[in-house]
Amino acid sequence: MTVRDAIKAYAGSVNEHRNELFFPLIAEDCVYFSRGKERARGKEAICAILHDISDHWEDTYIHVWPAEITESGNASYAAGEPCAVVAMMDEYSCAGFFTMALNEEGQVGTMDFSVDSSVRFKVDGAEETAFSHTHFPKDAADALVIRAVGKGVFARDEYLGLHYVETDVGIELTRELFNYIEKYVFEDFNNKMFNAAAYMFAIGMAYDFYRRTGVLLFRFDAPAADERDVPKVPDEYTAWIREGYETGKDLFTAYLEYKDNRGNDGTDYDRELRNSFIALFNMGTIKADRDIDRGLLNTELEDTIAPRLARVGPDGTMLESIGPLDFIPEILSISSEVASEMYAKLKEFGESRLYTCENIVRNTLVFCAYAGIGAVLLWKENGKKLPEGNIVEILCRPRGLYYMDEHVHDRLGMPYETEEAQALAKHLFLLRDVLMEVLRRGGFDPIEMNENFKGMYDYGMVWAMEHLGIKHHAGGTGE
């Protein structure tokens, strides 16, 4: 018998609930270690422990996969060594892993259960299963992410959405939540934690939705709580938010399992809990971003609007080529922020001068394109990095809001009065008119307007990149 044979026998005994597959292989003087400490000595004691564990998990999911260690930061575990990966609750919950050693008679002389996060392993047959683990989680937030990847909330390798932006909002919300809990929550703590975790994931979704569309799905602040009116979600998004709520609750079990598996080893679980809530918020934003990219909104998205605009014009296009959406990630990531800011400023400016709604929207479309051009100029002039601060404010500062376009032309080295500048302006006006027809048919729906504003911003970005000779790749950084 080899160690691999023993590992496979142990896996079979757990998966098939047949102790007789493994118990006869245990040596009379076998020693069982768990998390670095001796837990039992002798075959009888070890069989009793394994039997108790089996009884405990009899009506609950538990599975064991034969695996092999691929790398290790612990000298006790060598690369190439076989191990048995244990999962509880579902295949996305890694409870740890067993290694074994045989004595001179070929029986199992030691069993070592570990939750060492420096060890990486590959599960036999993982390609044919839904198993997603490669290691025991390095912390509770990692445990939640592994569970989310396994559940299909994110892709295995690339789980960020195209427009995902890192934010500290989750940190601030978690701080406020725990301050509230410390003051007011005294009983049913675990139940409240589950609900709070579920809401945190849903809030992350709502935050990204607002950032992408400018539409607030529900209020979640102190005044709203005092009014006992949260969360109240528009009917068309109720099922989506409810799904997110249930997802957050399910993911939170990964924190509890991680805590149980680590045991009382000095881990700061208060910090781990806080970081788990931050992770839940961030994962909610990622899910929303991916869902929007995949068609959650019943409208054309900016990512298809910009390439379509490239084909508009008397000669077919003013651009030589444009891919599905070639971009500078740093600039694309603020498209929603710039579009919302530009519309708000031009709306305030226009209403003070009694402009019609259509005129305000027309101006916003063109100015968003100039903002995209200006953002690329600022990025290039600042050493291929956007300057700190509000991009719209930076572009408006020299000449004011209404002459921002002229300022952008000057930065381009293309004064507004020149023939080249007038050709660009005429082209942008044509694109504006094309999109205005689309918006009129849709009744100037707020989300549709926002996507078109962003589409013009994206177009301005791509136009400036080609004009300035900036090489680019979708998902990469301009050079």
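Data for the structure
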| quantity | calculated |
| --- | --- |
| Residue in region 214-231 that is at pLDDT 85 or above and assigned to a helix (DSSP H, G or I) present | no |
| Breaking point among (1) touching a His at 6+ places or on another chain (Cβ under 8 Å); (2) within 30 Å of Leu217 (Cβ to Cβ); (3) not basic (Lys, Arg), for Tyr457 | (1) |
| So Asn390, is it farther than 12 Å from Leu365 by Cβ, out of contact with any Ser or Thr (no Cβ under 7 Å at 6 or more places or on another chain), open to solvent by 60 Å² or more (accessible area, probe 1.4 Å) and polar (S, T, N, Q) | no |
| Scope region 246-271; condition open to solvent by less than 40 Å² (accessible area, probe 1.4 Å) and within 28 Å of Phe218 (Cα to Cα); matching residues | Thr247, Gly248, Leu251, Phe252, Thr253, Ala254, Tyr255 |
| Leading residue by the ranking (nearest to Gly12 (Cα to Cα)) among those in region 121-162 that are hydrophobic (A, V, I, L, M, F, W, C) and touching a strand residue (DSSP E or B) at 6+ places or on another chain (Cβ under 9 Å) | Val123 |
| When residues of region 291-306 are limited to those that are at pLDDT 90 or above and open to solvent by less than 40 Å² (accessible area, probe 1.4 Å), the one nearest to Thr253 (Cα to Cα) | Asp291 |
| Thr418, sole failed condition from (1) under 26 Å from the mean Cα position of the chain (by Cα); (2) over 30 Å from Asp293 (Cα atoms) | (1) |
| Residue match in region 464-471 (condition: without any contact (Cβ under 8 Å) to a residue 12 or more places away in the chain and loosely packed, with under 13 Cβ neighbours inside 10 Å) | yes |
| Checklist (1) farther than 19 Å from Phe327 by Cβ; (2) in contact with an Asp or Glu (Cβ under 7 Å, 6 or more places away or on another chain) applied to Leu386, failing item | (1) |
| Search result, residues across region 337-380 that are open to solvent by 70 Å² or more (accessible area, probe 1.4 Å) and under 20 Å from Asp410 (Cα atoms) | Lys380 |
| Phe131 being touching a residue at least 24 places away in the same chain (Cβ under 8 Å), within 30 Å of Val31 (Cβ to Cβ), more than 17 Å from the chain's Cα centre (by Cα) and not in a strand (DSSP E or B) | yes |
| All strands (runs of 3 or more DSSP E) inside region 15-83 with 1 or more residues being among the basic types (Lys, Arg) and over 40 Å from the mean Cα position of the chain (by Cα) | 37-41 |
| In region 317-348, the residues that are modelled with pLDDT of 95 or more and aromatic (Phe, Trp, Tyr) | Tyr343 |
| Which numbered condition Tyr61 fails, given (1) within 25 Å of Glu105 (Cβ to Cβ); (2) open to solvent by 50 Å² or more (accessible area, probe 1.4 Å) | (1) |
| Residues satisfying the stated conditions in region 89-119, i.e. surrounded by 17 or more Cβ atoms within 10 Å (Cβ to Cβ) and among the hydrophobic types (A, V, I, L, M, F, W, C) | Met89, Cys94, Ala95, Phe97, Phe98, Met100, Leu102, Val108, Met111, Phe113, Val115, Val119 |
| Counted residues, region 189-199 - those being closer than 16 Å to Met283 by Cβ and open to solvent by less than 10 Å² (accessible area, probe 1.4 Å) | 2 |
| Count of region 134-167 residues which are assigned to a loop (DSSP other than H, G, I, E, B), within 20 Å of Ile292 (Cα to Cα) and open to solvent by less than 20 Å² (accessible area, probe 1.4 Å) | 3 |
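The values are calculated or read from the model by the stated rules, or taken from the named source; none is laboratory data. Note that this is a predicted model, so its numbers are computed, not measured. Cβ sites come from the backbone with ideal geometry, for glycine too, and all protein chains shown count toward neighbours. We work out accessible area using only protein heavy atoms, side chains counted, and drop any ligands, DNA or RNA first. Shrake-Rupley method; radii C 1.70, N 1.55, O 1.52, S 1.80 Å.
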